[in-house]
Amino acid sequence: MVNAMESFKMVIQARGLQPPDIIIPGKFQRFPGFDKKLGDDAAWCKLFDDGRGGVFGDFSTGLDEHWQAETDRTYTAEERQAFRKHIEAERQQRESEELRQHEAAAKVVAAILAKANDDPAQHPYALRKAVDFGPLVKRGAWPQRGWTDAMLIPIYGADRKIWTLGAINTDGEKDYLKDGRKRGCFHPFGKIRGASRVLIGEGVATVAAVHAVNGAPAVAAMDSGNLLAVAQAVRGLVLEAEIILLADNDIKPDGSNPGLKAAIEAAQTVGGRVAIPELNGQKCDFWDVWQQRGADAVLDALNKIRDVATVTVATIATDESIDSRWPKPLPLTTKIEPEAYPVDALPDVIREAAEEVAGFVKAPFPLVAGSALGALSLAIQTHCDIKRAERLTGPVGLFMLSIADSGERKTTCDGFFTSAIRQYEAEQTELAAPLLKDFAAALAAWNAEREGILSAIKDAGKKGKAVAELRDNLTQLEHNKPEPPRIPRLILGDETPENLAYTLAKNWPSAGVVSSEAGVVFGAHGMGKDSVMRNMALLNVLWDGGSLSIGRRTSESFTVQGARLTVALQIQEATLRVFFDKSGGLARGTGFLARFLVAWPESTQGYRPFTDPPETWPKLAAFHRRISEILNTPAPLTEQSTLEPAMLTFTPAAKSAWIAFHDALEGELRSGGELYDVRDVASKAADNAARLAALLHVFTHGMVGSVDVDSFEGANRVAAWHLSEARRFFGELALPVELANAARLDAWLIDYCKRERTQFISRREAQRTGPIRNKDALKQALQELDELGRACLVLDGRRKDIFINPALLAGGEQ
């Protein structure tokens, strides 16, 4: 059942949702959907009692899918028919429950509106927007959030029934009624039935502004995720009418435009057309155009309605006007182009499994390969060390760090490659059940005996009798305290460094920290300013395979000895930069991050069309079989429960290749060398290459013979690729102070202007709220940005404003 749950979770994750950590068979469970602004539980899932299938979806988007577990045999026709009946029964039950919730919500709507005021015109939000919201909008209390004064937006279905409510408070914050039916429902302006033209937009203020100018009936879908469903509902009401989608022009730096994309898709589905607001390449909607340029500009945009066959996000981005007086902005740093991942450097079984997973998950290949290598490291580190030369020996465990945005599906990739490890953990826990019972009984007897001796000592003391023999008995008893059985727990989550060390010392001496939210690790209390040095040193020692004693004032002290650790993390770039700022340079100065194999892959988000999962995974299965074979090899434990791994060596040819790799790197570490700015990382690259070589050798050949030159050459290429990635990323952190300040100011200015939908900010405001408060440092940073054509200071009398190159706000050169 555990494997069924994990497989079910992977399928849900593959659709971009994050299911609950624990899925309870037979229970309908809710969790955050695609658009968390709609509530905390738009998504849902149910794993069938037998673990052989399940259903999941998202009420906010209409997603509704089923999953059937893989088996070693083909399902019979009867089993398939039974499964289909189960799916249909679940669908009917779910729809019935959803209708019940919607009807209950509709009653709540009626009660709220019954107490509402008919005139919202003086509401602060209405005054700021300065548009006529029409006769249907009310003003009153919003009990769900405790708002005493809110604009209440009735949301109608095509059946003219009010199914739910939207609310906007005095600060402009928006909310929707929990369990209300929103999908396919809308807020209307004017009479829709019988109309020859209907306008469909997102927000009520935007649609109200266009309706007031154009006069055509219009509906507000409330958000982009509802545009398609609303367009379909409207088409059902007006079969012959012209439907115009009022796009939100949500220009992003990477060239994407989710608002426009949603409008185009909706128009394509119902045979409509698209109207697009434009404000000098800035992010905007039609209310912005109306507010800044007036009704004529809105009418002009409506006169330029585009057929969906001739419009794409890319063509709009290039159509928009950018002030030609600005030069093309130059980059702040010299960009090092990413190198292609050396796929063919991986052994066939690993490569084929990674390609199979990547073909379905569509994550960046380096993330997929990193998950596979992390699983190798975790399985093999227990069994061997690697000897590079005399007195140069060490573990084979890897520290891996992927720098990527949330949503790149690292958790899914890890799940694919660690499933054999998790199965091994579950099997070992089950096998240890009798041992745990024996331990509990022995400990209870020991505690009883100890209490008896302590009681005897107390009584003897009261009566003045000798207690020396009793004390000796107590001392002997303490030496014979039962020890809990060692049960392998290999995969750890976001552990604090001290708890990690305790687990390795007291539970099992080999483990891995695997997390797609490394911000929890790098931003945790354990990485606070006061303890950052101590905890980095601890992790450095664990990477080296050394010993470390940890003293505690309030609990048992302990020593970590002979332990092995793998770390496989993903972290967002911004989080890592904050960590660098907090650690004050210690992260690199102590060699902490130098130990990591870094990957900074190009995102695949936006290029991941859905594909059904394959019926079988033969390549991944071969990978799992080999991992299971390694895991089921007895761990080389000493009597003290520390590890004593076998020592692998290089063949003469492999050692020569390793020396050549080491010396080539060493030559580039000198001042002026290609690796000088990342010399801390580069100095560990040869060590990491040796570790990788040992892992590839053991995976392919087992613990037989020495590590050959083929294994090292593959490892060499993978390590060199990771070094190139580290150079791309960490090289930027070695910028001179002046350029580093310019980079910080540049990023802040761009973010501010996009957020505020403007092209400038006063110099005084930038100094007051921006990242650089020192007047001279700000002046120097602005000079750098001016020379690069990215920003300039404009004097208007006594006023000084900083203007941003519009190309940077329209997704141009970064």
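What the table shows:
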item: Trypsin sites (Lys or Arg not before Pro) restricted to the stretch 342-451 and DSSP loop, no more than 10 other C-beta within 10 Å; result: ARG391
item: About the Cα centre, charge dipole magnitude for the chain (Lys/Arg +1, Asp/Glu -1 at Cβ), debye; result: 2060 debye
item: For the stretch 223-240, Karplus couplings with θ = phi - 60° (6.51, -1.76, 1.60), whole Hz, Gly/Pro x; result: 6, 5, x, 9, 4, 4, 4, 5, 4, 5, 5, 5, 4, x, 8, 10, 5, 9
item: The stretch 635-752 - Rg over Rh from alpha carbon coordinates, Kirkwood radius; result: 1.17
item: Theoretical FRET efficiency, 1/(1+(r/R0)^6), r = Cβ-Cβ of THR649 and LEU795, R0 56 Å, to 0.05; result: 0.20
item: Modelled FRET efficiency - R0 56 Å, ALA460 with SER706, Cβ distances, 0.05 increments; result: 0.30
item: Residue (of TYR424, PRO618, ILE491) at the positive-pole extreme of the chain, dipole from beta-carbon charges; result: ILE491
item: Reach of LYS387 by Cα under 30 Å, taken over lysines that are not fewer than 8 positions away in the same chain; result: LYS506, LYS655, LYS684
item: Label-point gap, in nm, between SER641 and LYS178 - each point 7 angstrom along Cα→Cβ; result: 4.5 nm
item: Rounded tilt (10° steps) of 737-756 against the dominant C-alpha axis of the chain; result: 40 degrees
item: Cross-link reach list, aspartates and glutamates versus LYS191, counting only Cα pairs under 20 Å and skipping chain neighbours closer than eight places; result: ASP118, ASP132, ASP159, GLU202, GLU240, GLU242
item: Acute angle (nearest 10 degrees) that the helix 433-463 long axis makes with the longest principal axis of the chain, alpha-carbon atoms; result: 70 degrees
item: J(HN,Hα) series, the stretch 638-651, from Karplus relation 6.51 cos²θ - 1.76 cosθ + 1.60, nearest Hz, glycine and proline x; result: 7, 4, 8, 6, 9, 7, 9, x, 5, 9, 8, 10, 8, 5
item: Cα-projected label distance for ARG15 with SER547, points at 7 Å along beta-carbon direction, nm; result: 5.4 nm
item: Length gained when the stretch ALA426-THR559 is fully extended (0.36 nm per residue, less Cα-Cα span); result: 45.2 nm
item: For the stretch 704-776, with +1 on Lys and Arg beta carbons and -1 on Asp and Glu, the positive-most of GLY770, ASN716, ALA747 along the dipole; result: GLY770
item: Distance violations [Cα-Cα > 23 Å] among LYS9/LYS261; LYS9/LYS410; LYS9/LYS619; LYS85/LYS178; LYS283/LYS328; result: LYS9/LYS261; LYS85/LYS178
item: Cβ crowding within 10 Å averaged over residues, with 393-399, 749-755 ranked highest first; result: 393-399, 749-755
item: For q = 0.10, 0.20, 0.22 Å⁻¹, Debye-computed log10 I/I(0) when each Cα of the stretch 127-258 counts as one equal scatterer; result: -0.32, -1.20, -1.37
item: Estimated [θ] at 222 nm from DSSP helical runs (n ≥ 4, -39500 (n - 2.57)) normalised by residues in the chain, nearest 500; result: -14500 deg cm²/dmol
item: The chain: relative contact order as a whole-number percent, Cα under 8 Å and 6+ apart; result: 11 percent
item: Selection from TRP142, LEU165, HIS102, by position along the positive dipole direction of the stretch 65-167 (Cβ); result: TRP142
item: Cα-centre dipole for the stretch 451-509 with unit charges at Cβ (Lys and Arg positive, Asp and Glu negative), debye to 20; result: 320 debye
item: Under 16 Å from LYS182, Cα to Cα: lysines that are on another chain or at least 8 residues apart; result: LYS36, LYS37, LYS107, LYS161, LYS174
item: Protection proxy ranking, peptides 298-305, 413-420, 88-95, average beta carbon neighbours within 10 Å, highest first; result: 413-420, 298-305, 88-95
item: Residues in the stretch 154-192 that a label on ASN117 would reach, taking backbone N under 15 Å of a point 7 Å out along Cα→Cβ; result: 168-171
item: Surface per residue (accessible, 1.4 Å probe) for the stretch 207-270, Å²; result: 32 Å²
item: Per principal axis, descending, Cα span of the chain in whole Å; result: 97, 69, 67
item: Rounded to 5, percent antiparallel among DSSP beta bridges of the chain; result: 60 percent
item: Base-10 log of normalised Debye intensity for the stretch 677-806 (one unit scatterer per alpha-carbon) at q = 0.17, 0.20 Å⁻¹; result: -0.85, -1.05
item: FRET efficiency, 1/(1 + (r/R0)^6) with R0 25 Å, evaluated for GLU602 and GLN268 via beta carbons; result: 0.30
item: Additional length obtainable on full extension of the chain from LYS252 to GLU787, 0.36 nm per residue less Cα span; result: 190.1 nm
item: Scattering curve values for the stretch 181-262, log₁₀ I(q)/I(0), Debye with Cα scatterers, q = 0.25 Å⁻¹; result: -1.19
item: Under-5 Å amide H pairs with TRP147, H placed in peptide plane, nonlocal only; result: TRP142
item: Separation of the ALA110 and TRP748 label points, Cα + 7 Å toward Cβ, nm; result: 5.5 nm
item: In Hz, Karplus ³J(HN,Hα) per residue of the stretch 701-710 (6.51, -1.76, 1.60; θ = phi - 60°; x = Gly, Pro); result: 10, x, 7, 10, x, 8, 5, 8, 5, 5
item: Loop trypsin sites (Lys or Arg not before Pro), the stretch 169-224 (other Cβ atoms within 10 Å of the site Cβ: 16 or fewer; DSSP); result: LYS178, LYS191, ARG193
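The values are calculated or read from the model by the stated rules, or taken from the named source; none is laboratory data. Bear in mind the structure is a predicted one, so any value in this text is a computation, not a measurement. Don't worry about glycine lacking a Cβ; one is built from the backbone with ideal geometry, like all the others, and counts go over all protein chains shown. We work out accessible area using only protein heavy atoms, side chains counted, and drop any ligands, DNA or RNA first. Shrake-Rupley method; radii C 1.70, N 1.55, O 1.52, S 1.80 Å.
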